[in-house]
1. Per the helix-only calculation at 222 nm, which mean residue ellipticity applies to the chain, given -39500 (n - 2.57) for every DSSP H run of n ≥ 4 and division by its residues, nearest 500 deg cm²/dmol?
2. Give the Cα extents of the chain along the principal axes, in whole Å, largest first.
3. What's the whole-number percent of alpha carbon pairs in the range 48-173 lying beyond 19 angstrom?
4. If you average the C-alpha positions of the range 31-65 and of the range 419-442 separately, how far apart do those two centres end up, in angstrom?
5. Does the range 298-412 come out rounded, prolate or oblate by the C-alpha gyration tensor, with a ≥ b ≥ c the root eigenvalues, rounded set by a/c under 1.5 and, if not, prolate when a/b is larger than b/c and oblate if not?
6. Give me the compactness ratio for the range 255-320, meaning the Cα radius of gyration over 2.2 N^0.38 Å.
7. Nearest 20 debye, what's the magnitude of the dipole of the chain about its Cα centre given +1 on Lys and Arg Cβ and -1 on Asp and Glu Cβ?
8. Along the principal axes of its C-alpha atoms, what lengths does the range 243-353 span, in descending order and rounded to whole Å?
Amino acid sequence: MNTSVVSPGRAGLILLLTGQMLPLIDTSITNVALDSITHSLQATAIELELIVALYGVAFAVCLALGSKLGDNLGRRRLFMTGVAIFGLASLLCGMAGSVEQLLAARIVQGAGAALIMPQILATLHVTLKGTAHAKAISLFGGIGGIAFIVGQMGGGWLVSADIAGLGWRNAFFINVPICLVVLALSQRYVPETRRDTPSRIDWQGTALLAVILCCLLFPMALGPQWHWSWPLKVALLAIIPLGYLMVLNARKKEREDAHPLIPPRLLQLRSIRFGVLIAVLFFSVWSGFMFCMALTMQTGLGMAPWQSGNSFIALGVTYFISAWFAPRLIARYSTSTILLTGLSIQIAGLLALIVTFRLWGMHNTALTLAPATGLVGYGQALIVNSFYRIGMRDIQPDDAGAASAILSTLQQAALGLGPAIFGAILLHALHTHHGEYTRAITLFLGVETAMMMVLALVTVRMRHRLCLPVVKNGQLAK
């Protein structure tokens, strides 16, 4: 139950979607600034991974917390608080004089992003009905993936333009005026909503999730540099008992009707488990792909940041086209069919990219990469559009918030861990092959292709259980 059902109107919708764009663009905008940051702050390859990964992990850890706080304290209030924190952290990122300062600011930035995102979807859900609701949710889903690509291209232009001699810092400073505009107008145009009955926050579950992610992130990021020393191995092994404690905590809170961070009963649902599998396999390699490609193009191919950004234009264009048509395709065919189609197209694109690197090597340009990356982008949009539909397949209305939090948290955790995990694979391959970027990136692409094939095989096996209702000849059918 919510205290307000006032529609946000067109201005409010624009403000909410602008707020959504900020953290999603920043997930990827840093990728094209990596080489510039390396020279400016003398950052190592491991530190570059952490600059990307810590933002995503902080985002993931605080996401469910942000959702609960918005329910209890007011979603517009938390949205504006998140925008203010995000804007301040962006300013601190741009002013950072060392890698350590930049890492600290990125963590705060990720926490601010986590306060922003849950309020947007919840506000749209409770204030809009019918066609307006469907259009808004469609915009919300479409912008998510497109923002990731825009960050790559826009970030490349900002860094290369070197406005006022600030270089990579402009990639962060650009957020500040946008945040100020959103803050200035939100009080007037975004309606305030909250739950009538406050829900309790699972502080223990949140803390355990944070520790588990750190025990996974830091060993994967630091392992190659520290030669997998015993503290890193201990941290990885600690994930097992910590995970067990998290399960016990969740079961205890569920018995007490205390709203655990990740309700165990929902994890028993086949649709949620498959959604978790998609989050782990797809979103981790997606962010890992963007990181490894950006690093290869800038450090390996010697591209300027704007050239690196332009190399994703084909991917961005095909993603936009695919995202535009995906809802209609899903309405006509089963979701599992569209997911399989997306996986098949992406696998074809990855194989084409491997061939492209084999043929052109370090002489690749945005033009030679375009056919393969275009296929990858088209397939990615179909997969992303299928993700929430499959994950929410068997969820009852009362559990919608909790289920969405599970999927969103795992999605963001995977996006945060991707650069650390697959960046470590790329760096290991570089070390093994004596700095040959062509062989290193093709090895990474081979690993990603194998993971997508595994996901495709699981989808084939489960497709008859995952089909959503579709309309054929005016009648509902499976």
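1. -27000 deg cm²/dmol
2. Reported extents, whole Å, longest axis first: 59, 51, 48.
3. Of all Cα-Cα pairs in the range 48-173, 56 percent lie more than 19 Å apart.
4. 18
5. prolate
6. Numbers: Rg = 19.1 Å, N = 66, 2.2 N^0.38 = 10.8 Å.
For the range 255-320, the normalised Cα radius of gyration comes out at 1.77.
7. Taking the Cα centre of the chain as origin, the dipole is about 1540 debye.
8. 56, 40, 22
All of the numbers you see were taken from the coordinates with simple rules; none came from a lab. A quick note: this is a predicted structure, and the numbers were derived from the prediction, not measured. With ideal geometry, Cβ positions are generated from the backbone for all residues, glycine too; neighbour counts draw on all protein chains shown.
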